[in-house]
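Contents: one structure, followed by commentary.
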Amino acid sequence: MNAPLPQAALDELAAGEAMLFQPLRIGDITVANRVVMAPLTRGRADEAAGDVPGSAMNIEYYRQRSGAGLIISEGTQVSPVGKGYQATPGIYSDAQVEGWKPITRAVHEAGSKIVAQIWHVGRVTHPGLIGGAQPVAPSAVSPGGVAYTQAGKVEMPVPHALSVEEIAEVVEQFRRGARNAIRAGFDGVEIHGANGYLIDQFLRDGANRRTDAYGGSVENRVRFALEVVDAVVAEIGTGRVGIRLSPVTPSNGIADSAPQAVFGHLVRELDRRGIAFIHFVEGATGGARDLAGFDFAWARQAFRGVYIANNGYGRELAVEAVETGRADAVSFGRAFIANPDLVTRLKTGAPLNAPNPQTFYTPGPVGYIDYPALLAPADADSVAA
Ligand code: 8OZ
């Protein structure tokens with residue numbers, strides 16, 4: 001890999017000229033810059049209407065963040081049972097598709113691109129969030145944490161181990177999610193394969209104790225992920241499909257004895273399929289970057305599609321990562337919550353607003369659409385003119 005750039009060069013590049021701010025082709029999607037808005041659960045869909053997005057404030061939230069070259073939507077469950085948090089939006093009903101349409105339209109009108117993150121939480125939920133149903137997973141192993149339901153904080157129960165027939169149904173739900181995403185005006189999808197949710201549960205031997213074709217060997221544990229990828233690719237084409245992976249995260253009680261082996265095989269198979277991008281959480285999601293267990297530099301070389309890097313990136317590290325070729329693009333999560341105009345701030349070196357974790361998941365506009373931009377777009381135009 002290339003050596004890091006000297007500080008003076010980084011400063012100069014960060015002043016608007018850096019590769020980070022240059023266009024990129026991500027499969028069939030051309031983006032204006034390499035700053036990606038990471039998927040962010042915000043819990044502000046209309047739950048009473050059936051987990052439907054598209055309120056005026058939902059539209060405004062995404063519109064405000066359209067300076068990102070690419071927006072990855074908050075996780076959208078592919079079925080009612082795939083939901084793990086209050087008021088997360090779905091992508092399985094016609095009402096949800098209609099709800100997403102004004103959001104994707106607003107983002108496109110503002111000159112950005114948006115893919116839907118399609119998501120199934122598997123065992124990371126509670127009957128109180130999924131209409132009384134039992135959560136599902138590869139094996140009957142509890143993640144050992146709590147879920148937040150209308151009734152308050154509750155232990156996540158032991159899930160039902162999916163039968164082979166039921167696995168095929170979940171694959172079809174992901175396929176439908178991808179089809180619906182395109183119907184709703186998204187440019188593509190990101191399959192949520194990270195953070196201890198259903199796909200990750202199949203990948204890891206801590207959660208997957210199966211003895212059939214979906215468990216045991218590395219090839220068997222990767223099978224479900226690839227069946228989902230293949231179904232989604234068959235539905236919308238390789239150039240519009242990416243996946244998010246977190247090979248070493250401990251999120252949501254997930255663990256594996258040998259992540260390099262399982263994610264090594266998966267990355268090679270994804271490369272063979274030619275999907276548009278892999279979005280890597282480097283380290284513990286939202287935490288330490290320096291966890292052992294997976295060689296991200298290897299993955300960068302092994303996968304010929306676009307490498308989107310995530311986790312703990314600031315301006316300097318992001319500029320350096322793209323400039324040296326360690327990544328093609330960099331995603332920002334919490335920084336995008338608090339800075340609707342993050343790209344402008346990164347270009348100019350302006351200070352960033354601090355996110356308020358108290359309002360990450362609360363209903364309503366506070367902490368959602370009221371973070372200040374440096375200049376209102378109209379002001380920015382008049383300054384430029
Ligand atoms: C934080 C809170 C709720 C959900 C993830 C979808 O970790 C999430 C998530 C994060 O990927």
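The values are calculated or read from the model by the stated rules, or taken from the named source; none is laboratory data. Not measured: the values here are computed from a predicted model. As a convention, Cβ positions derive from the backbone with ideal geometry for all residues, glycine included, and neighbour counts pool all protein chains shown. Heavy atoms of the whole protein, side chains included, go into the accessibility calculation; ligands, DNA and RNA do not. Shrake-Rupley method; radii C 1.70, N 1.55, O 1.52, S 1.80 Å.
Odds and ends about this structure:
- Eligible aspartates and glutamates near Lys347 by straight Cα distance, threshold 13 Å, same-chain separation 8 or greater: Asp11, Glu12, Glu17, Glu316
- At a probe radius of 1.4 angstrom, the accessible area of region 206-245 per residue rounds to 34 square angstrom.
- Across the protein chains, with a 1.4 Å probe defining accessible surface, the residues Arg240, Arg42 rank Arg240, Arg42 from largest area downward.
- Alpha-carbon radius of gyration plus Dmax, which is the widest Cα pair, for the chain in Å: 19.9, 66
- Using θ = phi - 60° in the Karplus curve 6.51 cos²θ - 1.76 cosθ + 1.60, the 3J(HN,Hα) couplings for region 199-209 round to 5, 4, 4, 5, 5, 9, 6, x, 10, 9, 10 Hz; x is entered for Gly and Pro.
- If both residues of a DSSP beta bridge must be in region 7-384, then about 20% of such bridges are antiparallel.
- Using a cutoff of 8 angstrom between alpha carbon atoms and counting only pairs six or more residues apart, the relative contact order for region 7-384 works out to 18 percent.
- Overall Cα dimensions of region 1-82 - principal axes, largest extent first, Å: 54, 27, 24
- Close amide-amide hydrogen proximity is noted between Gly188 and Ala116, each under 5 Å apart and 5 or more residues distant or on a separate chain (H modeled in the peptide plane; Pro and chain starts excluded).
- Within a Gaussian network of the chain (alpha carbon springs, distance under 10 Å), most fluctuating of Val146, Val228, Val78: Val146
- What you get for the chain, charging only the Cβ of Lys and Arg (+1) and of Asp and Glu (-1), is a dipole of about 180 debye around the Cα centre.
- Residue-level accessible surface for Arg44, protein heavy atoms, 1.4 Å, Å²: 10
- Ranked order, Leu317, Leu24 - accessible area, probe 1.4 Å, largest first: Leu317, Leu24
- All lysines inside 26 Å of Lys101 as judged from Cα atoms, apart from same-chain residues fewer than 8 positions distant: Lys83, Lys113
- For Gly75, distant residues with modelled amide H under 5 Å away: Leu40, Thr41
- Computed with a 1.4 Å probe on the full set of protein chains, the accessible area for Arg25 sits at about 150 Å².
- Across all Cα atoms of region 136-270, the radius of gyration (one decimal) and Dmax (whole number) stand at 15.1, 44 Å.
- Surface share of carbon and sulfur [accessible, 1.4 angstrom probe, percent] for the chain: 54
- Cα centroid of region 244-308 to Cα centroid of region 1-61, whole Å: 20
- Surface accessible to a 1.4 Å probe, Arg268 within the full protein complex, Å²: 130
- Backbone geometry of region 301-308 corresponds, through the Karplus equation with coefficients 6.51, -1.76 and 1.60 at θ = phi - 60°, to 3J(HN,Hα) couplings of 6, 6, 9, 8, x, 6, 9, 9 Hz, x marking Gly and Pro.
- The largest accessible area among Glu227, Glu155, Glu172 belongs to the first residue in Glu155, Glu172, Glu227, and the rest follow in falling order (1.4 Å probe, all chains).
- For His160, the residues whose modelled amide H falls within less than 5 Å of its own, excluding neighbours fewer than 5 places apart on the same chain, are Val136, Ala137.
- In order along region 214-228, the Karplus-derived 3J(HN,Hα) couplings, from 6.51 cos²θ - 1.76 cosθ + 1.60 at θ = phi - 60°, round to 9, x, x, 5, 4, 4, 5, 6, 7, 4, 4, 4, 6, 5, 5 Hz, and Gly and Pro are given as x.
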